[in-house]
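Okay, so here's the structure we're looking at.
Read-outs throughout are calculated quantities, based only on the coordinates presented, and are distinct from any laboratory measurement. Given the structure is predicted, the values throughout are model-derived calculations rather than measurements. So basically every Cβ, Gly included, is an ideal-geometry build from the backbone, and we count neighbours across all protein chains shown.
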Amino acid sequence: EWTINQGAADIALCYRDEDFVQQLNEHCKAHLPELYFDNVGGHVSEAVIRELAPRARIVVCGQISSYDQDTTRDDYEYPDPLPADVAEIVKARDISRERFFVGWYTKQHGEALRNMQAMVDSGKLKVPVSWVDGLAFAPTAFIALMRGGHSGKALVKCLTTDSTPSWSSSAAESDPPSKRQKVSEAESATGEPE
């Protein structure tokens, strides 16, 4: 819902749905995707690539499906190699597939952060945040992140003494700094968000 209502997407599909591939195929009949930001990999990416338009572009930036691989192996490849039939689609449709690693652009980090903050401040970029209270529950937050059990960015509040995990969603991180400060002040004064 957030993706469509707040993120301004035309459609949103859940890759965990048993009929994900059928839903994807149905939605792509009207318009083939021309750009795919691939941060998933695996069967999801393979399904999306099968639906891409000729000369589409794939931007690979992390692939959660392969995070548990041993990257020190001599035969490790990033991104993961595509199955032969999918690789043939990429070749036949002249689809580009480029890796992107944020570490290659460290000199531009400051400029990028300023540009993104300006987009957040103007409302052009919306950032949903899910919080878990307490550093002791960082593993819980990580597991939820890997399983998709959160909304947006998963963050851990470290300044708490609560002994049970508590998830909450907040737009505070996507608000302008002045509002974030007000939220922080209100939370510290009352213990509750404003």
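Structure notes:
- Pairwise centroid distance, computed over Cα atoms, of region 22-50 with region 80-125, Å: 16
- Extension gain (nm, one decimal) between Ala53 and Leu145, 0.36 nm per residue minus Cα-Cα: 30.1 nm
- Stretched out straight at 0.36 nm per residue, the stretch from Gln22 to Met119 would grow longer than its current Cα-Cα span by 31.4 nm.
- Treating r as the C-beta distance of Val86 and His109 and R0 as 30 Å, the FRET efficiency rounds to 0.35.
- Normalised by 2.2 N^0.38 Å, where N is the number of residues, the C-alpha radius of gyration of region 1-155 stands at 1.17.
- Ile4/Asp74 FRET efficiency (R0 45 Å; Cβ-Cβ; nearest 0.05): 0.55
- The convex hull around the C-alpha trace of region 1-68, projected and averaged over every direction, spans 5.1 square nanometres.
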